[in-house]
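Shown next, in C-alpha cells, is the structure this report addresses.
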Amino acid sequence: MSASDNPPPTHRLGRRMLFAGWVIGLALLVLAFSSWEENQYNPNRELQSQITGDIREVTLDGNRWHHYVATGRINGKKVTFLLDTGATDVVVPAGLAAELGLKPGSRGYAQTANGTVEIHRTSIDELSLGPIRFQDVAASINPGMAGEEILLGMSALRQVELLQRQNQLTLRQYAPSS
C-alpha cells in the first residue's frame, strides 16, 4: 500500500468539514424557504394595527390566493385564523379545541362545502386579533376538520366593520357607547 492510497488526516478532516458545511447550508436554505412559504400563506403574522380614540383597527393583507389569514389569540393562546364570512360561527378543529380549553357542548349539525357535519357548540371566553377583542364568542367544534387553522366566522366578525380595498381588509371595532 502506497502513501497515495490513504489521504493525510488533514484531507479527511477537510472533507468532513466541507460535508458539514454543505449540510448546514442546506438546512439554512430549508429554514429560509419554510419562512418564505409561511409568509406566502399568512402575510399577517405581525399585524398592522391602529388605535385612535375609541376605534381599534387591524388591516390585513390578502395572501397569494386572496384569502385573509392572520395570527391571533384564543384564550391567550396563539392561533391562525382564516377569515370566513360564509361561516356562521367561529369553527375550531376538534384536535385544537382541547388545547385551547374549549369544552364541547350540545351537539348540532352544520352545512359545509363537504355536506352536513356533526359539530359541538361551545363558547370562547376571549378571542383577539391584535387590539380587537371579542368576549363570549359563539363557536363550533368540528371533529371532521383537520389542521391548526380556525375559521373566523360571523359570530365574531359581525361585531366589526369590514372594509375591503384591493388586496387589503380593514377590520374596525368601535368601543361600546356608555
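Please treat every number below as a calculation from the coordinates, not as lab data. Please read these numbers as outputs of a predicted model, since none were measured by experiment. Using ideal geometry, Cβ is built from the backbone for each residue, glycine included, and neighbour counts are taken over all protein chains shown.
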query = If you plug each phi of the stretch 125-131 into the Karplus form 6.51 cos²θ - 1.76 cosθ + 1.60 with θ = phi - 60°, what whole-Hz ³J(HN,Hα) values come out, in order, with x for Gly and Pro?
reply = 4, 9, 10, 9, 9, x, x
key: nm² value of the averaged projected area, convex hull over the Cα atoms of the stretch 75-178   = 7.5
request  = Rounded to the nearest 500, what is the 222 nm mean residue ellipticity of the chain from helices alone, with -39500 (n - 2.57) per DSSP H run of 4+ residues and division by all residues?
outcome  = -8000 deg cm²/dmol
task = Would you work out if the stretch 136-178 is rounded, prolate or oblate? Take a ≥ b ≥ c from the square roots of the eigenvalues of the alpha-carbon gyration tensor; rounded if a/c is under 1.5, else prolate when a/b is larger than b/c, oblate otherwise.
result = oblate
message = Quick check on the chain: what does the Kirkwood estimate of hydrodynamic radius come out to from the alpha carbon pairs, in Å?
response = 19.1
query = Label points 7 Å out from Cα along the Cβ direction at Val117 and Thr170: separation in nm?
reply = 3.4
note = Reduced to Cα centres, the span from the stretch 57-93 to the stretch 116-149 in Å works out to 11
